[in-house]
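Just below is one structure, and these are the notes that go with it.
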Amino acid sequence: MRFCVRCGKELSDEEIVGNYCVDCYVKHLTPFKDKPRLEVMVCPKCGAWFYKGEWNHPLEENEVLRRIAIWGSKRFLREEVEVLDVSVVKSLHKISASEHGVTLNYQLLIKGIHPVNFELEVPVRITYKPCPSCLARAGGSHKALVQVRVEGEVDIEELAEEVEELIVKAGLSSSVTEVEVVKEGVDVKFEDPVAARKLSSILSRKYGASTAESFRSTRFDAREGKWRGVVTLSVRIPPVYKGMVVEYQGEVGVVEEVSKGLVKIRILETGEHVQTKVSGYWSGIIKPLPKAYLGGKYVVTSVDKNYVYLLNEDTGELREVSIKPGYSHLKTGDKVLLLSMEDREYLIKESE
């Protein structure tokens with residue numbers, strides 16, 4: 001048996017810590033060989049914080065201080081002590097005319113078997129410096145460009161909103177320096193090429209987009225021995241949307257749904273529903289039909305087992321079109337478009 005040199009308490013070898021009992025060790029020797037201090041660099045514009053050579057995404061102030069206290073505690077603790085967790089007892093406050101502090105509670109483990117709590121006020125030095133992303137935004141510079149394009153008629157503003165929503169959900173906002181709506185689509189400028197490639201991949205999966213990457217050099221970095229420049233990712237979204245009349249594997253159909261890179265098509269001849277990848281547009285599996293094939297607008301006057309009877313309300317023209325399985329949903333009063341293609345006629349309900 002051994003004895004605590006401070007209080008004289010009799011202890012086993014496992015209970016003794018540097019000739020002290022645990023209570024006297026914590027009270028008189030303390031688990032810290034040096035008083036801890038925190039240093040943090042914060043971007044004044046976006047709140048990003050810098051630690052050990054890396055900028056981190058903005059967090060609530062107490063959480064930033066907590067993480068730095070955990071990560072940087074080892075160099076202040078005695079050899080036999082390890083930190084389990086840290087909590088903020090009192091948020092950042094003035095402790096002198098020129099110094100701030102934060103009161104922390106350290107959850108520690110001594111000799112691997114003695115858990116203790118140790119509370120103290122820790123001085124904090126905060127410096128403010130713009131992060132690279134904010135500097136890039138201010139200067140209008142970027143290292144990567146994602147050009148989002150859609151062929152045919154499209155609501156560019158709506159597309160821009162969808163792209164910005166995807167950027168936020170993917171956690172890429174901190175790397176974006178600018179989102180610009182242009183006549184052809186949307187341009188997204190990035191400070192980080194890795195983030196740009198991630199957005200390109202997301203757009204490819206969601207919309208069946210085709211992508212191409214190129215590099216434009218702007219200067220030669222003599223120190224690194226390589227060219228610096230801008231990575232451009234061209235992202236082309238196929239113009240496939242709900243209500244579009246298409247040809248699918250030789251059959252005429254109407255697009256009923258586009259979601260998560262897939263398209264659902266109802267074949268007009270049979271009424272059958274098929275599902276395929278939107279990217280099939282690029283290989284010719286899905287072919288949008290020209291508007292030239294669309295005839296006039298008609299109203300269904302009646303339907304029997306052989307024909308659908310139509311009236312053009314503008315001209316008074318009467319038509320009858322042979323019934324097909326795909327017309328089973330049509331009823332008197334429905335407004336339809338007449339599609340003529342290769343001597344064959346198809347009816348498309350206007351609401352489709």
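The values are calculated or read from the model by the stated rules, or taken from the named source; none is laboratory data. Since this is a predicted model, take the numbers as computed values, not measurements. Virtual Cβ from ideal backbone geometry, glycine too; neighbours counted across all protein chains shown. Surface areas here come from the heavy atoms of the whole protein model, side chains and all, with no ligands, DNA or RNA. Shrake-Rupley method; radii C 1.70, N 1.55, O 1.52, S 1.80 Å.
A few remarks follow.
- Solvent-accessible surface of the chain, averaged per residue with a 1.4 angstrom probe and all protein chains in place: 57 square angstrom.
- Normalising the average separation of contacting C-alpha pairs (under 8 angstrom, six or more residues apart) by the number of residues puts the relative contact order of the stretch 94-216 at 21 percent.
- Estimated FRET transfer efficiency when R0 is 35 angstrom, pair Glu256-Val194 (beta carbons, to 0.05): 0.40
- Residues Leu135 and Ala212, FRET efficiency given R0 of 41 Å [Cβ-Cβ distance, rounded to 0.05]: 0.90
- Between the C-alpha center of the stretch 261-285 and that of the stretch 49-84 there is a gap of 53 Å.
- In terms of accessible area, using a 1.4 Å probe and ignoring ligands and nucleic acids, Phe215, Phe50, Phe76 rank largest first as Phe215, Phe50, Phe76.
- Efficiency of FRET between Arg205 and Glu165 - r from beta-carbon atoms, R0 22 angstrom, step 0.05: 0.90
- Cα gyration tensor shape for the stretch 262-330, rounded if a/c is under 1.5, else prolate or oblate: oblate
- Fully extended contour minus Cα-Cα distance, from Lys9 to Asp23, at 0.36 nm per residue: 4.0 nm
- For the chain, the longest principal axis of the C-alpha atoms and the axis of helix 193-207 are separated by about 40°.
- Using θ = phi - 60° in the Karplus curve 6.51 cos²θ - 1.76 cosθ + 1.60, the 3J(HN,Hα) couplings for the stretch 53-65 round to x, 9, 7, 10, 4, x, 9, 4, 3, 4, 5, 4, 5 Hz; x is entered for Gly and Pro.
- For the peptides 87-94, 203-210, the ranking by mean Cβ contacts within 10 Å, running from highest to lowest, is 203-210, 87-94.
- 3J(HN,Hα) along the stretch 320-327: 10, 10, 4, 5, 10, x, x, 9 Hz, from the Karplus curve 6.51 cos²θ - 1.76 cosθ + 1.60 with θ = phi - 60°, whole Hz, x for Gly and Pro.
- The chain: most fluctuating residue of Arg78, Arg236, Arg37 per GNM, C-alpha cutoff 10 Å: Arg78
- Taking 25 Å as the straight-line reach from the Cα of Lys9, the lysines in range (excluding those fewer than 8 positions away in the same chain) are Lys27, Lys33, Lys111.
- When nucleic acids and ligands are ignored and a 1.4 Å probe is applied, Glu80 ends up with an accessible area of around 70 Å².
- Here the contact order of the chain, divided by its residue count and restricted to Cα pairs under 8 Å and six or more residues apart, works out to 9 percent.
- Correct option for semi-axes √(5λ) of the Cα gyration tensor in Å [calculated from the coordinates] among [x] 35, 26, 18; [y] 38, 24, 21; [z] 70, 26, 17: [z]
- Rolling a 1.4 angstrom probe over the stretch 26-128 with all protein chains present gives an accessible area of which 49% lies on carbon and sulfur atoms.
- Gain in span if fully extended, Glu158 to Thr301, counting 0.36 nm per residue against the direct Cα distance: 47.7 nm
- Packing-based order for 9-21, 260-272, 51-63, 184-196, using average beta carbon neighbours within 10 Å, highest first: 184-196, 260-272, 9-21, 51-63
- Pairs beyond 24 Å (Cα-Cα), from Lys242/Lys305; Lys206/Lys264; Lys183/Lys260; Lys183/Lys264: Lys242/Lys305; Lys183/Lys260; Lys183/Lys264
- Normalised convex hull volume, the stretch 40-131, alpha-carbon set, Å³ per residue: 102
- Amide H contacts for Leu59 (H built 1.01 Å from N in the peptide plane; partners 5 or more residues away or on another chain; cut-off under 5 Å): none found.
- Pairs of Cα atoms farther than 17 Å apart, the stretch 1-89, %: 60
- The radius of gyration of the Cα set in the stretch 80-166, together with its Dmax, comes out at 24.5, 70 angstrom.
- Length added when fully stretched, Thr127-Arg67, from 0.36 nm per residue minus Cα-Cα: 19.9 nm
- Less than 5 angstrom separates the built amide H of Val150 from those of Ile237, all sequence-distant by 5 or more or on a different chain.
- Reachable aspartates and glutamates, given that their alpha-carbon falls under 15 Å from the alpha-carbon of Lys349 and they are not under 8 places away in the same chain: Glu256, Glu269, Asp334
- Nearest-ten-degree value, helix 156-169 long axis tilted from longest Cα axis of the chain: 30
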